[in-house]
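Trainee: Once you've had a glance at the structure underneath, I'll fire off some questions.
The values are calculated or read from the model by the stated rules, or taken from the named source; none is laboratory data. Quick caveat, the model's predicted, so the values are computed rather than measured. Note that each Cβ is placed from the backbone with ideal geometry, even for glycine, and that neighbours are counted across all protein chains shown. Only protein heavy atoms, including side chains, enter the accessible area calculation; ligands, DNA and RNA are left aside. Shrake-Rupley method; radii C 1.70, N 1.55, O 1.52, S 1.80 Å.
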Amino acid sequence: MAFVQAAPVLNNQYLDDRVLRSYVRRILPRTMLGAIEPGLIDLGDYAATAWTLARSRERGEPRLVQWDAWGGRIDRIELTPAWIAAQPLAARHGLVAAGHEPAFAAHARVHQFALAYLFHCASEFYTCPLAMSDGVATALKASGNQRLIERALPHLLSRDPEQFWIAGQWMTENSGGSDVAGTETVAREEKGRWRLYGRKWFVSAVNAQAALALARPAGAAAGSDALALFYLEPRKPDGRWRNIVVDRLKDKLGTRELPTAEIHLNGAPAELVGEAKHGVRQIAPVLNITRTWNAVGALATMRRCIALVRDYANRRIAFGRPLAEHPLFQDTLAGMQAEFEAAFHLVFFVVELLGRVQCGQADDAQQNLLRLLTPLAKLWTGKLAVTIASETCESIGGMGYLEDSGVPQLLRDAQVWPIWEGASNVQALDFLRALHGAGGLQSLLSAQRTILSQVQAPELEPCVRSVRASATIIADWLQKASTGERDRLEAGGRELAFGLARMFALALLARHAEWALRAENDPRPAAATRRFADHGVLRLKSNGLHDAQMLAGDNY
Ligand code: MFK
C-alpha cells in the first residue's frame with residue numbers, strides 16, 4: 001500500500017487554546033468563568049467539527065436568483081448551509097447580545113469576543129454581519145433615537161433565533177470606499193418620508209433585515225460633513241425588497257460564502273437616525289466596533305493556522321523524524337506563535353477597554369486609549385494574519401497549496417482583514433486623527449508605564465527595557481515629525497502605527513507572562529515575550545518623506 005499522509009486534525013478549539021484559557025483565567029472572576037465556560041467549550045467543539053465537515057463536502061457559495069419563472073424580479077439570496085445554521089447558533093450563544101447585556105458588566109465584551117474568536121473560522125464569515133449588527137446596535141444607542149432603539153435593538157440583541165436580526169452598513173460607493181465625500185446616493189423627503197436613490201457598491205450580508213446607510217439630503221452641500229445617516233429595513237415581512245434591486249453578488253478573492261452585493265436604491269424608504277448632516281460622525285461607532293471584530297477575526301485566523309500547522313508537524317515525517325522535531329521548523333512555528341500571542345493580548349486589551357467604556361467605568365484617559373488603540377490593533381493584526389496564513393500554506397507544503405486541503409482558503413480569506421472596514425493606511429490616518437484629538441501619546445505611554453510596573457521577573461527585564469527604549473524613540477520621532485510639515489508625519493504614519501502597536505503589545509505580553517510564571521508556573525508566555533522582543537518593535541524611517549516621494553514617482 002502506498003504511503004498516504006494523514007491530514008491535520010483539530011480538537012476542541014477552546015480546550016486546546018492555551019493562550020485564550022490562560023488569559024480568561026487571569027482576567028475574569030472565577031464565578032463568571034465557571035458560568036461562561038460551557039458555552040466556550042460548546043463553540044470550541046463546533047469549530048473543530050465544522051472544520052472536518054467543511055473538508056468533506058463541496059464548498060458552497062451563495063447564489064442570487066434575480067427572476068422567477070414568470071418574469072417577476074425577486075432577487076432572492078440563497079445562502080450556504082453553514083450560513084443557515086449560523087443564524088440560530090449566533091442568536092442562542094448571544095454573539096451580539098453578550099456584548100450588551102448587563103450581567104457581566106465591564107467583562108461583557110471579553111465574553112462576547114471570546115465567543116466570536118472561537119466561532120469565526122467555523123462561521124464562513126457570518127461574523128461579518130454579526131460585527132455590523134453589533135456596530136449598528138452601538139451606533140443607535142449612541143444616537144439616542146428612542147424610536148429606532150425600541151424598534152431595532154430587541155431584534156439585534158435577541159437570543160431568540162425567531163426574533164434575531166442581522167444588520168448591514170451601507171457606506172461604500174463606486175466613487176469611494178475610504179473617502180466617502182463623493183457619495184452619490186441622494187435622500188429625498190417625499191410626502192413626509194425619506195427615500196433613498198443611488199447605488200451602493202459593497203453591501204455585505206445583503207440578506208440583513210436592517211441597515212444603516214449614508215446619503216446626501218437633496219440640496220445639501222458637497223463633502224462628507226453634509227452626509228446624513230439613515231436607518232432602513234430593506235425588505236417587507238414577506239421577503240419582497242422595498243424599492244431595492246440587487247444587481248449582482250461580488251466575485252471576491254475570499255470570503256466567498258458571504259453574500260456581498262451591488263445594489264440600486266430606487267426610492268427605498270428610510271428613517272433619519274439623527275440630524276440631517278454629520279452622518280460620518282454618527283456612523284463612526286459602527287466603524288470602531290467592526291474594526292474590533294476585524295482584529296478579533298484576524299486573531300482567529302492566526303490561531304486556526306497555527307493549530308493546523310502544529311498538528312500537521314506532529315503527523316508529517318521528513319528526514320526520519322516528525323517536522324515538529326526539526327529545529328528550523330520549531331523556530332518557524334515559534335515565530336508565528338510569538339507574534340500571535342502578542343497580537344492576542346493587544347486585541348483583548350482593546351476589548352477590555354471597550355467593555356469599561358461602554359459601562360461608564362472608564363476615565364478620560366482610558367477613553368482616549370481605546371480611541372488610539374482600536375485602529376492600531378486593526379492595522380497590525382490585519383497584516384499579520386496574512387503573513388501567518390501565507391506561512392501556514394508554506395509549512396504544509398504542496399498540500400497547503402491545494403484547494404481541497406482547506407488551507408488556501410485561509411490565505412484568501414485572510415486578505416480581507418487589511419481591507420475590510422478601512423485599509424491599513426486608513427487606520428494609520430485614523431490613528432493620527434485620534435492622536436490629535438487625544439492631545440498626543442500621553443494616555444498610551446502612561447498606561448504602558450503602569451503595565452510595565454507589574455513586570456518584575458528577571459527573565460523579562462530585557463523585554464521591559466526594549467519597550468522603554470522604543471517609547472523614547474517614538475516620542476522623539478513624533479516630536480520632530482509634528483513640528484515639521486504635516487506630510488512628513490503622514491508619510492511615517494503607517495510605521496508609527498505598527499511600532500506603537502507592537503510596543504504596547506510587548507508590554508501587555510510581558511505582563512501576562514509575569515502572571516503566568518507566578519500563577520500557572522508556565523514559562524511559555526515568557527518565551528513568547530522574549531521571542532517577540534527579538535523580532536523587533538520599530539521600523540521608523542528618518543528620511544521617510546523625501547525618499548518616498550523620489551521612489552513613488554520613479555518614472556523615466
Ligand atoms: C468581511 C468581509 C468583507 C467583504 C469584502 C469587503 C471589501 C471592502 C468593503 C468595504 O467597503 S469596507 C470599507 C468600509 N469603509 C470604511 O471603513 C471607511 C474607511 N474610511 C474612513 O474610515 C475614513 O476615515 C472616513 C470615511 C471616516 C473619513 O470621513 P471624513 O468625513 O473625510 O472624515 P473626518 O471629517 O475626519 O471625520 C468626520 C467626523 O467623524 C469627525 O468628527 P467631528 O465631526 O466631530 O469632527 C471625526 O472625528 C469622526 N470620526 C471619523 N472616524 C472616526 C471618528 N470618530 C470616532 N472614531 C472614528 N474611527
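Trainee: Hey, any hits in the stretch 75-82 for a residue that's under 28 Å from Pro408 (Cβ atoms), touching a Pro at 6+ places or on another chain (Cβ under 7 Å) and of a type in the set (Ser, Thr, Tyr)?
Mentor: Taking every residue of the stretch 75-82 in turn, at least one turns out to be under 28 Å from Pro408 (Cβ atoms), touching a Pro at 6+ places or on another chain (Cβ under 7 Å) and of a type in the set (Ser, Thr, Tyr).
Trainee: Here is a further query. Could you check, for the stretch 447-470, whether at least one of its residues is under 18 Å from Phe348 (Cβ atoms), at pLDDT 95 or above and in contact with an Asp or Glu (Cβ under 7 Å, 6 or more places away or on another chain)?
Mentor: Yes: one or more hits.
Trainee: Going through the stretch 128-142 one residue at a time, which ones are open to solvent by 50 Å² or more (accessible area, probe 1.4 Å) and either of a type outside the set (A, V, I, L, M) or closer than 19 Å to Leu258 by Cα (or both)?
Mentor: Lys141
Trainee: With the checklist (1) on the phi > 0 side of the Ramachandran plot; (2) more than 29 Å from the chain's Cα centre (by Cα) in hand, flag the one item Asp476 doesn't pass.
Mentor: (1)
Trainee: Given (1) more than 22 Å from Ala423 (Cβ to Cβ); (2) within 16 Å of the ligand (Cβ to nearest atom); (3) surrounded by fewer than 22 Cβ atoms within 10 Å (Cβ to Cβ), identify the lone condition not met by Arg304.
Mentor: Evaluating Arg304 over (1) more than 22 Å from Ala423 (Cβ to Cβ); (2) within 16 Å of the ligand (Cβ to nearest atom); (3) surrounded by fewer than 22 Cβ atoms within 10 Å (Cβ to Cβ) leaves (3) as the failure.
Trainee: Now a separate question. Would you confirm, using the coordinates I've provided, whether Ala261 is more than 30 Å from Arg433 (Cα to Cα), within 11 Å of the ligand (Cβ to nearest atom) and assigned to a strand (DSSP E or B)?
Mentor: yes
Trainee: Only residues that are open to solvent by 60 Å² or more (accessible area, probe 1.4 Å) and within 12 Å of Val206 (Cα to Cα): list them for the stretch 237-262, please.
Mentor: Listed by number, the list holds a single entry, Arg248.
Trainee: So, restricting to strands (runs of 3 or more DSSP E) that lie completely within the stretch 160-236, which ones have at least 1 residues that are away from the ligand (no atom under 16 Å from the Cβ), open to solvent by less than 60 Å² (accessible area, probe 1.4 Å) and under 30 Å from Asp251 (Cβ atoms)?
Mentor: 186-190, 193-204, 210-217, 228-232
Trainee: Taking the condition of a type in the set (Lys, Arg) and closer than 12 Å to Leu460 by Cα, does Arg511 pass?
Mentor: yes
Trainee: Tally up the residues in the stretch 420-443 that are closer than 15 Å to Arg494 by Cβ and near the ligand (Cβ under 6 Å from one of its atoms), please.
Mentor: So the count comes out to 4.
Trainee: Which residues, counting only those in the stretch 238-253, are over 29 Å from Arg188 (Cβ atoms) and within 8 Å of the ligand (Cβ to nearest atom)?
Mentor: If the condition is that a residue be over 29 Å from Arg188 (Cβ atoms) and within 8 Å of the ligand (Cβ to nearest atom), then Lys252 is the only one that fits.
Trainee: Moving on. If you take the residues in the stretch 525-552 that are at pLDDT 95 or above, open to solvent by 30 Å² or more (accessible area, probe 1.4 Å) and over 26 Å from the mean Cα position of the chain (by Cα), which one is farthest from Ala497 (Cα to Cα)?
Mentor: By that ranking, first place goes to Ala527.
Trainee: Considering only the stretch 384-403, how many residues are in contact with an Asp or Glu (Cβ under 9 Å, 6 or more places away or on another chain) and not hydrophobic (A, V, I, L, M, F, W, C)?
Mentor: Final tally of qualifying residues: 3.
Trainee: Looking at (1) buried (at least 23 other Cβ atoms within 10 Å of the Cβ); (2) within 14 Å of the ligand (Cβ to nearest atom), which is the one condition that is false for Gln409?
Mentor: Failed condition: (1).
Trainee: Another question, if that's okay. Being within 14 Å of the ligand (Cβ to nearest atom) and more than 29 Å from Ala362 (Cα to Cα) narrows it down to one of Ala491, Ala414, so name that one.
Mentor: Step by step, each of Ala491, Ala414 is checked, and only Ala414 is within 14 Å of the ligand (Cβ to nearest atom) and more than 29 Å from Ala362 (Cα to Cα).
Trainee: Right, next: Give the residues of the stretch 264-283 that are within 9 Å of the ligand (Cβ to nearest atom), open to solvent by 10 Å² or more (accessible area, probe 1.4 Å) and not charged (D, E, K, R), sorted by residue number.
Mentor: His278, Val280, Gln282, listed by residue number.
Trainee: Working only within the stretch 135-151, note down all residues that are assigned to a helix (DSSP H, G or I), of a type in the set (S, T, N, Q) and more than 24 Å from Glu421 (Cα to Cα).
Mentor: Hit for the stretch 135-151 is Gln146, nothing else.
Trainee: So is Glu124 within 13 Å of the ligand (Cβ to nearest atom) and surrounded by 24 or more Cβ atoms within 10 Å (Cβ to Cβ) or not?
Mentor: yes
Residues are listed down the side, and each one gets a yes or a no for (1) modelled with pLDDT under 95; (2) farther than 20 Å from Glu495 by Cβ; (3) more than 15 Å from the ligand (Cβ to nearest atom):
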site	(1), (2), (3)
Leu333	no, yes, yes
Glu352	no, yes, yes
Leu372	no, no, no
Pro375	no, no, no
Thr381	no, no, no
Leu384	no, no, yes
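Trainee: Something else: For the stretch 471-556, list the helices (runs of 4 or more DSSP H) that sit wholly inside it and hold at least 3 residues that are without any contact (Cβ under 8 Å) to a residue 40 or more places away in the chain; which are they?
Mentor: 544-552
Trainee: If Thr292 satisfies every condition in (1) open to solvent by less than 30 Å² (accessible area, probe 1.4 Å); (2) in the same structural domain as Ala222 (by TED's automatic domain parsing) but one, which is the exception?
Mentor: Among (1) open to solvent by less than 30 Å² (accessible area, probe 1.4 Å); (2) in the same structural domain as Ala222 (by TED's automatic domain parsing), Thr292 violates only (2).
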